[in-house]
Each structure stands twice: as structure tokens, then as C-alpha cells.
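As C-alpha cells, the structure follows; a few thoughts come after it.
The values are calculated or read from the model by the stated rules, or taken from the named source; none is laboratory data. None of the values given here were measured: they were computed from a predicted structure. Cβ placement follows ideal geometry from the backbone for every residue including glycine, while neighbour counts extend to all protein chains displayed. Each accessible area value is taken on the protein alone, full model and side chains, heavy atoms only, with ligands, DNA and RNA left out. Shrake-Rupley method; radii C 1.70, N 1.55, O 1.52, S 1.80 Å.
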Amino acid sequence: MSFKRLDPEDFLVSSDAITSTMWSTNLPSLSTFFTSSIQEASSAGNYYLSIFQTGSTLSNAEVQFEIAYADSLGSGSTYYNSAVPGVSPTKTIYGQYRSLILEDENSNFIFGKGNNILTGSNFWVISLERARYKQNLLPGSLNLTLSGSGIQTLKLTDDSVDNPVSQFLGSTRVYQLISGSNGTAGTSATSGYVAGSGSYGLVFPDLGTILINPAAVSQSIRLSPSRSNNSDGFNSRRLFTSISGAASFTANSQETLTSDYVFVRARNSEFNYSENPSFISGSTGEVIYNQFINAPQVYLTTIGMYNDSNELVAVAKMSRPLLKDFTKEALVRVKLDF
């Protein structure tokens, strides 16, 4: 075993953006959607509906995303206490996302921009499972189809291609949800918006969250939430029925992998001897074979990385033993991913 202190120029930091399919099926598009009657009937069902990629009761059923309905007036769900009107799960959800995204409990969500905006008092939420979108939802990969009454369908995407400069709501990156595909509007005349109702929603790629504007959706496919007071409107299931009926939800995940590259150099005069018993006699400490004195040969197999306290912090294994002697030099690149 031999030691050598690395120089600053031996280190290099690199970042690579990796994209992959979002869903557990390993396919770009999810076409089958299932719910759990147990989850829906539980207390959690008052707040959100979990969506799975399969209806199997086996362990391969995994949550892909959740659907919730938020209403600033508390409409569409039963009040916690009938003596306190308007305080219900839908109002709690609205406040939750207002605090998370707007970072101000007195602000409201605005759909659209420019001269076509709508201040939304209610919305649907699609919250992608954290394990699915990894670091963030890949902008431009979102293609969600909703079905309405009859044979009406609505294809939605983010506007990341039409508007590549990132916008922020609070401290969170945001795109408008528009009609179209692959990050661009279907028609340039409307920019994918609805006249008088702004955009179809908001997309927060770093949160894996999509807000859907009911006012815009209802004009296109007549899909509306129930806003009755102190009554469960089953609004999460209404959106689930629309998504499952269209059977097409495409999205990719994205993550940045940071790697440390360490270049370990073994010059011709270095690392040519070994403390292995095949070199040294255990009883006398002498070199066993005379030819190993002036013409030694060793094989490099493992590189250990130590800190200043002489603690082993990482180990790199060679893909194959590397022959080393006085006539050879070696340059080994060690990659550390984290």
C-alpha cells in the first residue's frame, strides 16, 4: 500500500442533467389509472385521491400522483363543524398551496398573464409523487388530455417552449398551463388561453405540481367542480374520471447529477513496490526475489481515497488489474457520484 497527496488540479466537478420516464411503467405515457377504495373511504380521502398505475392488489401498485380540489370559500366539501361555515378540507387545501407557493396567506392565484388573467378562488391540484418526478418535471414534456361530456377532449401542456425565460411565483418557477402539446400552444391566436378566463392553470416543475383552472376547463369541455356548501362534491373523482377517460398523461422527470472527478496519477517512479507477502519475506523483511529489486512488477487493483485524518472515505475498484513498473505511467480517473 502506498500513499500520495492529491493536488488541487487533480479534482474536477461536473454536473449532468438526466431525463427519464416519469411513471412506474417505464413508459413515457400513462394510459391506465386506478384508485383505492380504502384510501378514498379513509379520512385522507376527504383531502386527496391517490392514483395508481395498476389495479392489482400486489405490491407493484404504486402511487403515481394525487388529485385534490381547493376552494378559498370552503365549498365542495363538508364543514369540519357545521357551526363554523366555510371551514372545510377544500379551504384547508387552498390555504396549504397558497402558503407553499405564494408565501403570503392574503394573496390569490392568478391564471394567465397580460390582458387575459383570472384571479382563481378554486382549482384542482395534480401533485406528482415525489419519487416519480425526482428533482423536477422536465419542461415541455407535459402532455395531459382531459375528457369532458360527450366526445370532447382537451389537450394541455406547459408553455415552456413558447416562453423559455423562466418566470417565478414567489420563489417557485412557474409556467402557464395551456392548450397544445410539447410545450407550445396549439394556436397562436389564443396562445392556448381561454378568452376572459386566462390560462388553463399553472405548472410548477420544481414542486411536481399542476394547478388546473376550472373556469377555463369548463368552457372547453364542460368539466366543472361542485361548489355546494357543506356537501361533498366528490371533485377529486370528477377530475380523475376526466383523466382516466382520456387515458393519456405524458411527462418526464429530470435530475441533475453532480460528479466529482479525481485524476490519480502514478508516475513511472511511483507505486512499483508492494508490501504483499509475495514481495517481502515475513521473517526477515527481505525482498524474496532479486529481480524485484531493480525490475519490480505490480498490478494496481484498488484506489482508496483518504481524508486528512487518514480515514478511508471512498474506494474505487479498477475494471481490471493494471500492470505497473518503472517503464510505465498510469492515469486513472475516479468518478464520485452524489
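Things worth noting here:
- Using a Förster distance of 30 Å, the FRET efficiency for Gln219-Asn106 (Cβ separation, nearest 0.05): 0.60
- Within the range 276-292, backbone nitrogen closer than 13 Å to the virtual label 7 Å beyond the Cα of Thr302 toward Cβ: 276
- Note that the range 278-328 shows a convex hull volume over its alpha carbon atoms of 130 Å³ per residue.
- Extension gain for Asp16-Ile280 works out to 90.4 nm (0.36 nm per residue, less the C-alpha to C-alpha distance).
- Around Thr187: net Lys/Arg minus Asp/Glu count, Cβ-Cβ under 15 Å: -1
- Inter-label distance, nm, simple model (7 Å from Cα along the C-beta direction), Phe263/Ser37: 6.5
- Close Lys-Lys pairs in the chain, where close means Cα under 19 Å and separation is 8 or more or interchain: 5
- Per residue, the solvent-accessible area of the range 1-121 (1.4 Å probe, heavy atoms of protein chains only, all protein chains present) comes to 56 Å².
- Annotation: extensible slack from Ala295 through Val313 equals 3.2 nm (criterion: 0.36 nm per residue apart, minus Cα-Cα distance).
- Listed residues Phe65, Phe234 arranged by accessible area, highest first, probe 1.4 Å: Phe234, Phe65
- Overall dimensions of the range 230-338 by Cα: Rg and Dmax, Å: 28.6, 94
- Karplus-derived 3J(HN,Hα) values for the range 285-290, using 6.51 cos²θ - 1.76 cosθ + 1.60 with θ = phi - 60°, are x, 8, 5, 5, 10, 4 Hz; glycine and proline are entered as x.
- Of the three principal axes defined by the Cα atoms of the range 164-288, the extents in descending order read 93, 37, 30 Å.
- Carbon and sulfur %, accessible surface of the chain computed with the full protein complex present, 1.4 Å: 51
- Ser29-Leu6 FRET efficiency (beta carbon distance; Förster radius 41 Å; 0.05 resolution): 0.30
- Amide H within-cut-off set for Gln64, under 5 Å, with H built and near neighbours excluded: Ile51, Phe52, Gln53
- Theoretical ellipticity at 222 nm over the chain - DSSP helices of four or more residues, -39500 (n - 2.57) apiece, nearest 500: -3000 deg cm²/dmol
- The residues of the range 269-338 have, on average, 75 Å² of accessible surface per residue, using a 1.4 Å probe with all protein chains present.
- For the range 95-222, the Stokes-Einstein estimate of translational diffusion at 20 °C and a viscosity of 1.002 mPa s comes to 146 µm²/s, using the Kirkwood hydrodynamic radius over alpha-carbon pairs.
- One quarter of the convex hull surface built on the alpha carbon atoms of the chain amounts to 26.4 nm², the projected area averaged over directions.
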